[in-house]
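The values are calculated or read from the model by the stated rules, or taken from the named source; none is laboratory data. None of these values were measured; they are calculated from a predicted model. Heads up, the Cβs are rebuilt from the backbone with ideal geometry, glycines too, and the neighbour counts pull from every protein chain shown. For accessibility, only protein heavy atoms count, side chains too; no ligands or nucleic acids. Shrake-Rupley method; radii C 1.70, N 1.55, O 1.52, S 1.80 Å.
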Amino acid sequence: MQRENLEKQEIDWTRGRLPMWLKMLIAVAVVLLAMLVFFRVRTFEVYGNVRYTPEEIADTSGVTVGDILMGVSKTSTASRLIVKLPYVEEVTIEKRLPGTIRFDVKECTALAGVQSEFSTCWLVSRKGKLLEEFEEWDNQGGKPLITGVVVNLPAGGTEAVFDDSEKGQMALKVAGALEDAGILSRVTEINVENLDTVSLLYDGRISVDLGDGSDVDYKLGYFNSVLSNLTAESRGTLDLSFKTGDQAVFHPVA
């Protein structure tokens with residue numbers, strides 16, 4: 001029986017009939033060869049970018065014209081962009097035949113400033129990504145400065161590592177709530193030195209005590225309503241440390 005099979009294969013070969021497995025192998029080889037020869041990176045498309053130019057994104061991606069299209073790693077390319085271009089928060093990469101790489105970029109914005117262990121200051125995003133470093137802080141772009149906590153070994157494009165994680169997360173939480181409440185640009189400082197008495201400085205004239213930072217969204221909404229009853233010259237301390245009920249107290253100063 002085995003001899004008959006061998007003889008049949010010999011007849012197929014002599015008649016030009018190739019075994020199915022060999023046909024499949026040849027087909028795969030042809031496809032791979034086509035990918036190597038024809039499907040190479042030729043153009044780049046970039047969408048969603050504002051801060052960085054399409055050329056910056058393409059150059060930073062590490063992908064070059066002539067690279068094998070199917071050989072481009074989406075994961076490593078996206079990671080490279082997110083680290084090397086700090087304001088890139090997310091990026092989706094699509095390969096389009098015959099030779100286009102498309103980048104869909106989502107950029108982040110600065111939320112606040114934070115001090116580093118080296119006495120410099122960094123802009124940080126809502127998710128805690130370090131964006132830009134400054135030797136001195138001058139209310140960059142109308143962002144508040146976080147005090148009472150510092151970041152260790154800061155590097156642009158990386159996640160902030162606070163010397164006290166709980167304080168750092170609280171600071172970002174309060175800054176995010178301020179942004180949602182529409183008053184972030186009027187706040188110059190967020191102090192989390194003591195988590196039982198989280199405070200902020202509004203417009204350089206009103207100190208706001210948020211207590212332990214609980215119900216911060218509600219408290220800031222309440223703060224907005226209190227502001228409508230104060231004048232542009234009002235100075236003092238607003239106590240919003242209450243945990244239940246409306247018990248805000250404003251202590252004016254001359």
message: I'd like to verify a number: residues in segment 86-125 that are aliphatic (A, V, I, L, M), open to solvent by less than 60 Å² (accessible area, probe 1.4 Å) and over 19 Å from residue 55 (Cβ atoms), how many?
response: 6
query: How many residues, within segment 126-144, are open to solvent by 50 Å² or more (accessible area, probe 1.4 Å) and either small (Gly, Ala, Ser) or assigned to a strand (DSSP E or B) (or both)?
result: 3
query: What do you reckon, is residue 40 open to solvent by 50 Å² or more (accessible area, probe 1.4 Å) and under 25 Å from the mean Cα position of the chain (by Cα)?
result: no
message: Can you list the strands (runs of 3 or more DSSP E) lying wholly within segment 145-244 that have 1 or more residues being within 26 Å of the chain's Cα centre (by Cα) and either in contact (Cβ under 8 Å) with a residue 60 or more places away in the chain or buried (at least 16 other Cβ atoms within 10 Å of the Cβ) (or both)?
response: 145-151, 187-191, 199-202
- prompt: Scanning for something under 18 Å from residue 51 (Cα atoms), in contact with an Asp or Glu (Cβ under 9 Å, 6 or more places away or on another chain), modelled with pLDDT of 95 or more and not β-branched (Val, Ile, Thr), does segment 163-182 turn up at least one residue?
  reply: no
- request: Would you check which residues across segment 44-85 are open to solvent by 80 Å² or more (accessible area, probe 1.4 Å) and not in a helix (DSSP H, G or I) and list them?
  value: 47, 50, 51, 65
query: Considering segment 57-87 alone, what residues qualify as being more than 16 Å from residue 45 (Cα to Cα), in contact with a strand residue (DSSP E or B) (Cβ under 7 Å, 6 or more places away or on another chain), at pLDDT 95 or above and of a type in the set (A, V, I, L, M)?
result: 82
task: May I ask you to list the residues in segment 128-180 that are more than 18 Å from residue 109 (Cα to Cα) and among the aliphatic types (A, V, I, L, M)?
output: 149, 150, 151, 153, 161, 170
